[in-house]
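Comments concern the structure below.
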Amino acid sequence: MLTRILGAGAFRGFAFLLSVALVAAIWTYDADLLVRGEDLNLALIKWAAGLLPSGYGSKTEAALRLFGADKAFLFTEVVALVKLIMLALGRPFRKNQRI
């Protein structure tokens with residue numbers, strides 16, 4: 001039980017560090033790619049805020065932009081991508097092959 005918890009924590013920590021490294025590498029290689037990703041996330045936030053009743057949408061959008069939700073959403077997407085890649089690479093080495 002303890003080894004499973006420690007393994008999950010190590011997996012999450014390693015995925016976080018790889019995500020930071022990936023964002024830094026993308027920023028160094030092509031910063032415009034990250035900016036386009038943030039713009040797409042901002043468009044998604046605007047669309048979702050538009051679904052709210054009148055008045056709430058603009059306030060919600062402003063609050064999310066103030067807190068940098070587009071950048072946080074982008075980092076969350078990068079973390080999910082890194083975890084997916086790590087799981088795909090580690091799949092052949094797992095002991096129990098549950099789906």
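Table for the structure above
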item	result
Filtered residues of the range 56-99 (kept if at pLDDT below 80 and not in a helix (DSSP H, G or I))	94, 95, 96, 97, 98, 99
Cross-chain or 6+ apart pairs with Cβ under 8 Å, the range 55-69 first and charged (D, E, K, R), then surrounded by 14 or more Cβ atoms within 10 Å (Cβ to Cβ) and not in a loop (DSSP other than H, G, I, E, B)	61/45; 61/46; 61/49; 65/42; 65/45
Complete set of residues in the range 39-61 that are within 14 Å of the chain's Cα centre (by Cα) and exposed (fewer than 15 other Cβ atoms within 10 Å of the Cβ)	40
Test: residue in the range 19-29 that is over 28 Å from residue 87 (Cβ atoms), modelled with pLDDT of 80 or more and aliphatic (A, V, I, L, M)	no
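The values are calculated or read from the model by the stated rules, or taken from the named source; none is laboratory data. In this text the structure is predicted, and so the values were computed from the model without any measurement. Backbone-built Cβ (ideal geometry, glycine too); neighbour counts: all protein chains shown.
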